[in-house]
1. Within the stretch 51-75, take every residue that is within 17 Å of ARG146 (Cβ to Cβ) and assigned to a helix (DSSP H, G or I) and give me the one that is modelled with the lowest pLDDT.
2. Any residue at all in the stretch 153-169 that is within 23 Å of LEU92 (Cβ to Cβ), open to solvent by 10 Å² or more (accessible area, probe 1.4 Å) and part of a strand (DSSP E or B)?
3. Starting from the stretch 80-109, keep only residues that are at positive phi and at pLDDT 90 or above, then list their pairs with residues that are of a type in the set (S, T, N, Q) and open to solvent by 10 Å² or more (accessible area, probe 1.4 Å) whose Cβ atoms are within a distance under 8 Å, requiring at least 6 positions of separation or different chains.
4. Filter the stretch 100-125 down to the residues that are surrounded by 21 or more Cβ atoms within 10 Å (Cβ to Cβ) and outside any helix (DSSP H, G or I) and list them by number.
5. Being in contact with a Gly (Cβ under 7 Å, 6 or more places away or on another chain) and not in a helix (DSSP H, G or I) is true for just one of VAL176, VAL187, VAL210, VAL214. Which residue is that?
6. Return the only residue of LYS209, LYS213 being open to solvent by 80 Å² or more (accessible area, probe 1.4 Å) and at pLDDT 90 or above.
7. Farther than 19 Å from GLY139 by Cβ, more than 21 Å from the chain's Cα centre (by Cα) and surrounded by 14 or more Cβ atoms within 10 Å (Cβ to Cβ): is that true of THR177 in this structure?
8. Restricting to the stretch 180-206, name every residue that is aromatic (Phe, Trp, Tyr), modelled with pLDDT under 90 and within 19 Å of the chain's Cα centre (by Cα).
Amino acid sequence: MAIDIDAVYKSTYEHYLKAKDNIVLESTFFEHRADAISDVIPGFQADKLEFGSYDKENFAVLFVDMRRSTQRAQNVGAKKTFLTMHVFLTALLEVVNYYHGKVIDIMGDGLMVFWGGRVAREESNMVKSIAVQNAGLCGRDMLKIRESVINRIIEDENLGSPISLSVGVTFDSVIVTKIGITDSYDVKAFGDCINVASHYANETENRVKVSKKVKNEWPSSKGGGIRFTLAGNGEAYYLESGN
């Protein structure tokens, strides 16, 4: 069953209206922040880990962000940037929710999302191929939502120029560790696949760029609604709808 675009539009527009009703930013300078969502890495809890301890787990990783967001914020001002971010992030989060992703971080203008891991395998049978597929399809549908929801509301509400976004998806092992001090700590994930997914997102625009491992782990199916086209030297591919 395909994602319900009308439902995403309705939810996003309702969040936009709430944000619009609560605006108090008449002359306040709008500032991007990157606050982590604590304790959301599947299978790991901060209070059960020791400082400096670590574990390794495999995840499909997705990065998505808005292109040229700083320039756009300077052009449209604080109020419209505030409203735009509510539209942008709400719509993306609806897509993540549909594909059962775990939001690890909400940056000022984007998201980092995980799929898979031991808990997902045990509780919902999200094996490697399913985790990879969910991440890739989530990226694809984020592009659909960009046009049919995000930019539609931006145009209708006169919030500035249309938004472009970029998506990077990888799959590999990450290191999970507890960092901080007694009164201020968090569980964080590190790994090459995280860095590569972020790098892919920075290299493309309105496309989904995936690693070779994502392509290789993609479940095969008759009729194939997804195709992969080579991007660069063979270590990365663009994921595209096949019809």
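The values are calculated or read from the model by the stated rules, or taken from the named source; none is laboratory data. Here the structure is a predicted model, which means the values were calculated and not measured. Cβ placement follows ideal geometry from the backbone for every residue including glycine, while neighbour counts extend to all protein chains displayed. SASA here: full protein model, heavy atoms, side chains in, ligands and nucleic acids out. Shrake-Rupley method; radii C 1.70, N 1.55, O 1.52, S 1.80 Å.
1. If we take residues in the stretch 51-75 being within 17 Å of ARG146 (Cβ to Cβ) and assigned to a helix (DSSP H, G or I), then SER69 is modelled with the lowest pLDDT.
2. No.
3. Close Cβ pairs satisfying both conditions: HIS100/SER124; HIS100/ASN134.
4. Answer for the stretch 100-125, where residues must be surrounded by 21 or more Cβ atoms within 10 Å (Cβ to Cβ) and outside any helix (DSSP H, G or I): GLY101, ILE104, ASP109, GLY110, LEU111, MET112, VAL113, PHE114, TRP115, GLY116, GLY117.
5. Exactly one of VAL176, VAL187, VAL210, VAL214 is in contact with a Gly (Cβ under 7 Å, 6 or more places away or on another chain) and not in a helix (DSSP H, G or I), namely VAL210.
6. Just one listed residue meets the conditions, LYS213.
7. For THR177, the condition - farther than 19 Å from GLY139 by Cβ, more than 21 Å from the chain's Cα centre (by Cα) and surrounded by 14 or more Cβ atoms within 10 Å (Cβ to Cβ) - is met.
8. PHE190 - this is the single residue of the stretch 180-206 that is aromatic (Phe, Trp, Tyr), modelled with pLDDT under 90 and within 19 Å of the chain's Cα centre (by Cα).
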